[in-house]
Amino acid sequence: MSRSDEIPVPQPAQGPRAFGLPGTLVQRWNALAVLACGATVLVLGYRHRWTNDDALIYTRTVRQILAGNGPVYNAGERAETSTGTLWQWLLAAGSTVPGVDDPLRLAVALGLLCTVAGFLLALDGTRRMIRLHRPAGALLPVGVLVLLPLCATWDYATSGLESGLSFSYLGGCWWLLVRARSEPDPEPERVRFRVREAPAPRKLRHALTAPGRALPATAFVFGLGPLVRPDLVLAGAVFLVALWVVRRPRPRTALAWACAAVALPGGYELFRAGYYGVLVPLPAIAKEASGSQWGYGWYYLRNTLDPYLLWVPLGLLAAYGVLHLVHARRGTGSDGGGSSSRDSDGCAPEAARGADAALVAAPVVAGLLSVLFVVKVGGDFMHGRMVLPALFLLLLPVLLLPFGRAAAVLSGTVAGWGLVCLVALRPPLGSLEDERIVFDSHSVYQQALGAHHPVSQDDHTAAPRDFTLVARHALHEGGHTLVLRLPRDSGFPLVPLAPRVRAPVAGAEARLGLAGAVLPLDGRVVDILGLGNPLGAHTEPVSHRKAGHEKPLNRAWILADLTAPGAPVPRGVDPRRVRAARHALTCGPLPDLLDSTRAPLTPGRFWSNLRGSWSRTTLRIPPDPLVAERRLC
């Protein structure tokens, strides 16, 4: 066998020249379409750069890590307040770079870069998918034109949250799945013969580039979903199943991929259970992510879709998809294209069609599951934030379309809607229906802080808010005191802390991020909404007005936990409930719950946390101390 006969040499595919342009100009047009969309995201995201209170939650944990206190919010209290685990550690790593003095500014820059990277990867993935069967021809931006004009897209290109990393993860998963589909199957006999005959440098090169060698790394990336955001485990699982359908590996290979996918999330889960004593981040417990609030979730979905008239472009794209499927069953594409007798990688037509169907279906199924999850849990209070990843997934297969009559009409129509959306359609500042709060977080923070681009910690702490003023006064006076926010914002009295509380000052505030930015790292921040409070997160919900904030903590629990018996009880707090809370904290599972976060982390404590992590995760206590005392004691 000669070398030329050993491997078939692929021939340049022939195809129509769209617009009558030569092939080189078509390639430049396609590259320009991808880059122009990425540049649009960069420019609009930068013009809308900002951060909100939740971003400060991340950065206080980052500052604690850099100070040597571990991934905690309060020194000496192991509570995981960061929902996006990878984002937290990425910010911590980036903050070690010389010259980075404010992790919040880093979060803005890194979030924008991740968003742009996610869009570019997604667009290139769609381009590669189309090239599997249409190697030549111009591409038109279509689905991406649905995302670019949305105000929510610009807002969450930054915000300091993990949204940018979510875009990057989803776009990267799509790109890797398409790459896995386009990669030819290895031929063991030829591979072994070729490696045996090749010189040593060629052996190494072949080992790195042989078909299938990158697939364990692909599975590893797909498995990172729950570390990007817990709900992205759904998308990661769907992409893993699609990878199996596309490649049809042997059982041993599939097992290796599964191990690669769960390696890092599984290892971190063991760390989380032993270190924090629970199985999920604390906000997931506080937000009751396993619960169902379908009516509120549907309202939240409408709050994202209705202001932009998104039903129009989504309906048009759905109709185009149905038309394409109908024509595909008849053997032609929706724009008149045909199909070959064998796939480009040599697969039989039936296998190729199954792989192609899995490829296109994966992001659509993942997007639908994401929408279903968001609606089920009741949505969010930030306009558009939780719907954007699902919308991004649903549009991945149609971000670009091959040039044709139907695609040109569709692109022009969506572009017309996009122009109207870009100029005139904006979300309402705040919405209230059935006592459910959803608001345009970006605009609200701009107004509250008096800054057009609040991107630094100083921008958040400079505003003369009541808690900020009282907390700074307490720090200046040097008293060992608790700044307690009373219900209905009726005041911020100062109460002496118990001698056992090792903190110069403590602050009980609803804005967890603000309190963490105002108080020093050795201060104690008490979240009265439960997101960062090991006790408050495990109470039963009492309100459903604002998603993720259904557990306002009775102030009696705070006084019982942080003040000594006999300490004055501020007006507005029931002394009977303070006494009941002190008793309840010594009963049933509550001592173990507090010890799991506050006791020194010895090997025995780690093992005890690990063994009891399930029961603590499912533990719920009555929010009223009087009821809790009767039930637990």
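The values are calculated or read from the model by the stated rules, or taken from the named source; none is laboratory data. Here the structure is a predicted model, which means the values were calculated and not measured. Note that we place each Cβ from the backbone using ideal geometry, even for glycine, and neighbour counts take in every protein chain shown. Remember, those area values only see protein heavy atoms, side chains included, never the ligands or the DNA or RNA. Shrake-Rupley method; radii C 1.70, N 1.55, O 1.52, S 1.80 Å.
Provide Rg over Rh for segment 476-582; use the alpha carbon set for both Rg and the Kirkwood Rh (inverse mean inverse pair distance). Don't skip to the end; give the middle numbers.
Numbers: Rg = 13.2 Å, Rh = 14.0 Å.
The Rg/Rh ratio comes out at 0.94.
Evaluated at 10 °C with a viscosity of 1.306 mPa s, what Stokes-Einstein diffusion coefficient in µm²/s does the chain have when Rh comes from the Kirkwood expression over alpha-carbon pairs?
Numbers: Rh = 26.8 Å.
D = 59 µm²/s.
List the residues whose amide H sits under 5 Å from the amide H of Thr563, counting only those 5 or more places along or on another chain, with H placed 1.01 Å from N in the peptide plane.
Those lying under 5 Å, H to H, from Thr563 are Ala498.
Over all Cα pairs of segment 446-525, how is the pair count split among 5 Å bins, expressed in % and running from 0 up to the last occupied bin?
3, 16, 27, 24, 16, 9, 4, 1, 0
For Val444 paired with Ala498, estimate the spin-label separation in nm (one decimal), with each label point 7 Å from Cα along the Cα-to-Cβ line.
Between Val444 and Ala498, the label points sit 3.4 nm apart.
Can you tell which of His383, Ile130, Ser443 lies farthest toward the positive end of the dipole of the chain, using +1 and -1 charges on the Cβ of basic and acidic side chains (Lys, Arg; Asp, Glu)?
Result: Ile130.
For segment 116-131, take each phi angle, set θ = phi - 60°, evaluate the Karplus expression 6.51 cos²θ - 1.76 cosθ + 1.60, and give the result in whole Hz per residue in order, putting x for glycine and proline.
In residue order, the calculated couplings are 4, 4, x, 5, 5, 4, 5, 5, 5, x, 5, 4, 5, 4, 5, 5 Hz.
Hey, rough spin-label estimate for Val627 and Leu279, points 7 angstrom out along Cα→Cβ, what's it come to in nanometres?
2.5 nm
Between Asp489 and Val420, what is the label-to-label distance in nm when each label sits 7 Å out along the Cα-to-Cβ direction?
3.8 nm
Grab the beta carbon distance between Val409 and Tyr46, set R0 = 41 Å, and tell me the FRET efficiency rounded to 0.05. Can you show the working numbers first?
On the way: r = 33 Å, r/R0 = 0.80.
Taking R0 as 41 Å, the efficiency between Val409 and Tyr46 is 0.80.
In degrees, nearest 10, range 0 to 90: what is the angle between the Cα axis of helix 53-66 and the longest Cα principal axis of the chain?
The helix 53-66 is inclined about 80 degrees to the chain.
Can you list the residues of segment 491-517 with backbone N under 20 Å from a point 7 Å past the Cα of Asp574, pointing along Cα to Cβ?
491
How would you order 463-474, 89-100 from highest to lowest mean count of nearby Cβ atoms within 10 Å? Please report the intermediate quantities before stating the final value.
Values: 463-474: 16.6, 89-100: 14.0.
Sorting 463-474, 89-100 by mean packing, highest first, produces 463-474, 89-100.
Rank these by accessible area, largest first, 1.4 Å probe: Arg605, Arg579, Arg616, Arg571.
Numbers: Arg605 35, Arg579 145, Arg616 10, Arg571 220 Å².
Final ranking, largest accessible area leading: Arg571, Arg579, Arg605, Arg616.
Between segment 488-516 and segment 566-633, how far is it from one alpha carbon centroid to the other, in angstrom?
Comparing the Cα centres of segment 488-516 and segment 566-633, I get a distance of 19 Å.
Calculate, in nm to one decimal, what His327 and Leu521 gain on full extension: separation in residues at 0.36 nm each, minus their alpha carbon distance. Can you show the working numbers first?
Values: separation 194, 0.36 × 194 = 69.84 nm, distance 6.27 nm.
Separation in residues times 0.36 nm, less the Cα-Cα distance, equals 63.6 nm.
Working out 0.36 nm times the residue gap between Ser292 and Ala463, then minus their Cα-Cα distance, what length gain in nm do you get to one decimal? All intermediate terms of the calculation are to be shown ahead of the outcome.
Numbers: separation 171, 0.36 × 171 = 61.56 nm, distance 3.71 nm.
Extra length available between Ser292 and Ala463 comes to 57.9 nm.
Taking the 0 to 90 degree range and rounding to the nearest ten, how far is the long axis of helix 311-329 tilted relative to the main principal axis of the chain, both from C-alpha atoms?
40 degrees
Determine, from the Cβ-Cβ distance of Leu305 and Thr586 and an R0 of 51 Å, the FRET efficiency 1/(1 + (r/R0)^6), rounded to the nearest 0.05.
Values: r = 50 Å, r/R0 = 0.98.
About 0.55, to the nearest 0.05.
Tell me, what is the Rg over Rh of segment 351-482, with Rh the Kirkwood radius over Cα pairs?
Working: Rg = 22.9 Å, Rh = 19.6 Å.
Radius of gyration relative to Kirkwood radius: 1.17.
Give me a comma-separated list of calculated 3J(HN,Hα) values for segment 449-459, in order, Karplus coefficients 6.51, -1.76, 1.60 applied at θ = phi - 60°, integers in Hz, x for any Gly or Pro.
My calculation for segment 449-459 gives 8, x, 10, 6, 10, x, 10, 10, 5, 4, 4 Hz in order.
By per-residue mean of other Cβ atoms within 10 Å, what is the highest-first order of 260-272, 619-631?
Ranking the peptides 260-272, 619-631 by packing returns 619-631, 260-272.
Could you please state how large a percent of the accessible area of the chain is carbon and sulfur, counting protein chains only and using a 1.4 Å probe? Present the calculation step by step, with values, prior to reporting the outcome.
Numbers: 17210 of 27480 Å².
Of the solvent-accessible surface of the chain, carbon and sulfur hold 63 percent.
For segment 242-247, in order, what is each residue's ³J(HN,Hα) by Karplus, 6.51 cos²θ - 1.76 cosθ + 1.60 with θ = phi - 60°, in whole Hz (x at glycine and Pro)?
5, 4, 5, 5, 5, 9
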